[in-house]
Amino acid sequence: MKTFLTHITFFFTLLLTVACGKDRTYEYEEKTQHNHWMQQMMLEQYLWADSLTDFEPSWKDFFAEPDKFLATLTAKSQQGDKWSYVEIDTLADDSHPCGYFNHQNSYGMDFILMTDPTGQTTRQVLRVVTVYPGGPAERAGLRRNDYICSCNGYKLSSSNVKRLQSGAARQLEVRHVGVDEQEGSFYWADTTEVTLEASEYVEDVAFPVANVVEADGVTVGYVMCTRLVEYPIEQGSKRGSSPVYREAMDEAMQKMKSARVEELVLDLRLCNFGTLEMAQRLASYVVNPDVRSGLFATTFWNEKCSTNNVELPYDVSLDNLGLSRLYILTSDRTQGAAEWLIHALRHSMGEENVITIGTATKGQNVMTEEVGDEYFVRLFPVVAYVGDGSGDYDYGSIEPNYEVDEFSYLYLGDYGTLDEMLFFTAVQDMLGLISQNDSEETE
């Protein structure tokens, strides 16, 4: 391969010299060196590297932007690779946004665009579905289930929805829906003017909610996890100085242990990023203690990197919760490490004891990893399959046991309360209040 690249470089050197009257080799090398480096890394560490062995991009491909060049390579894998990605140091880009929310430059909220829920008009409004801690949206007093009806006096539509993703300070018209029970109709109950500060970097707190409720004499724990990582990804740096998210996980689980929860609901509907080690740690807290002597997960790298393969056991040193079953809340944003966790737990505890509620997950049974940082480009290709303790990695999107579209309901309760529909559904099943017929209809 190196010999071939040498010949290619020589060819273009000759071509440029003849065409332009002087040697422009340095220009070609400078403008394409990052993509040549990426190609070499992919040939060495990409999970499906063998599919690239006989493929040589055209000279035009090498002049493409890094993400476009990577797409050229991954298209040859024939594995439907939509997970590999690159980051460029000179761009403030978010590789793991959650809906309309991104970390790098955001108001710190996520929302959905919908038609006026009162039915009075055909106007479009934004429904706030998540407000992230510490961001401009939270400081402005916005909450889950608020409806934003205008921004700086402009009506909202699909063409200008970006106004609420980032930018300068905004003036918002916020409303709430009321119900006329006699008429069976909806109306706007109130209108509030809200000032939103300029967008900024908003860190996605990994464990924002850990709550315990009593439901008909049953002590139920609720833990939300938005990303399975040890460190905050601070603006301008890769890692903080302390594993604060690992510590937050430990604190949340200790809270559940101290409360002697009998049932646990793990909310992964916003979890779209994480590491295998943090998934292992969380699983070790919640898995049935009878099976903790087995394996949590296994990895399968390509032949060249097979020495990286691991068989990861459960961590028996952690103060396990001693649960016989587990409820997990999912959505189409549940991805990667969260899916590895669900798949592994279903193998270890039995599928009937790991009950999922929400909507189908994204379907990522592979791991990406940074394999190099050169020429202001960081490359994160797919490097391995992630299997359960038996080695099974042949899985994709995880379908829920109970399919519940939270956005089809008029009210979105706060996370971790019985007013929230997914959590409420889990508690209903715990108490035996969902019939078998209901289960069959939703599967």
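The values are calculated or read from the model by the stated rules, or taken from the named source; none is laboratory data. The shown structure was predicted, so the numbers you read here are calculated from the model rather than taken from an experiment. Quick reminder, even Gly has a Cβ in these numbers, built from the backbone with ideal geometry, and neighbours come from all protein chains shown.
Among the residues in the stretch 61-71, are any under 20 Å from E370 (Cα atoms), part of a loop (DSSP other than H, G, I, E, B) and at pLDDT below 95? Among the residues of the stretch 61-71, at least one is under 20 Å from E370 (Cα atoms), part of a loop (DSSP other than H, G, I, E, B) and at pLDDT below 95, which makes the answer yes.
For the stretch 93-183, the strands (runs of 3 or more DSSP E) that sit wholly inside it and include 3 or more residues that are out of contact with any helix residue (DSSP H, G or I) (no Cβ under 8 Å at 6 or more places or on another chain) and among the β-branched types (V, I, T) are 170-180. Of the residues E44, E87, the single one that is over 30 Å from V177 (Cβ atoms), touching a Lys or Arg at 6+ places or on another chain (Cβ under 7 Å) and at pLDDT below 95 is E87. Residues in the stretch 142-163 that are in contact with a His (Cβ under 7 Å, 6 or more places away or on another chain) and more than 15 Å from D116 (Cβ to Cβ): 0 in all. The residues listed here are D89, D67, D54; of these, the one that is of a type outside the set (V, I, T) and more than 26 Å from F300 (Cα to Cα) is D89. When L282 is tested against (1) in contact with a Lys or Arg (Cβ under 8 Å, 6 or more places away or on another chain); (2) buried (at least 24 other Cβ atoms within 10 Å of the Cβ), just one condition goes unmet, and that condition is (1). The set of residues in the stretch 87-122 that are crowded, with 21+ Cβ neighbours inside 10 Å and of a type outside the set (G, A, S) comprises C98, F101, N102, H103, Y107, M109, D110, F111. Residues E406, E420, E399, E374: which one is surrounded by fewer than 17 Cβ atoms within 10 Å (Cβ to Cβ) and either over 19 Å from G336 (Cα atoms) or at pLDDT below 95 (or both)? From the options E406, E420, E399, E374, the qualifying one is E374. Does the stretch 294-311 contain at least one residue that is closer than 13 Å to A344 by Cα, at pLDDT below 95 and either out of contact with any Lys or Arg (no Cβ under 8 Å at 6 or more places or on another chain) or not assigned by TED's automatic domain parsing to the domain that holds L52 (or both)? Within the stretch 294-311, one or more residues are closer than 13 Å to A344 by Cα, at pLDDT below 95 and either out of contact with any Lys or Arg (no Cβ under 8 Å at 6 or more places or on another chain) or not assigned by TED's automatic domain parsing to the domain that holds L52 (or both). Checking each residue in the stretch 256-275 for being farther than 24 Å from S95 by Cα, surrounded by fewer than 24 Cβ atoms within 10 Å (Cβ to Cβ) and either in contact with a helix residue (DSSP H, G or I) (Cβ under 7 Å, 6 or more places away or on another chain) or not assigned by TED's automatic domain parsing to the domain that holds T417 (or both) picks out E263, L264. Residue count for the stretch 76-92, restricted to those that are more than 16 Å from the chain's Cα centre (by Cα) and outside any loop (DSSP other than H, G, I, E, B): 3.
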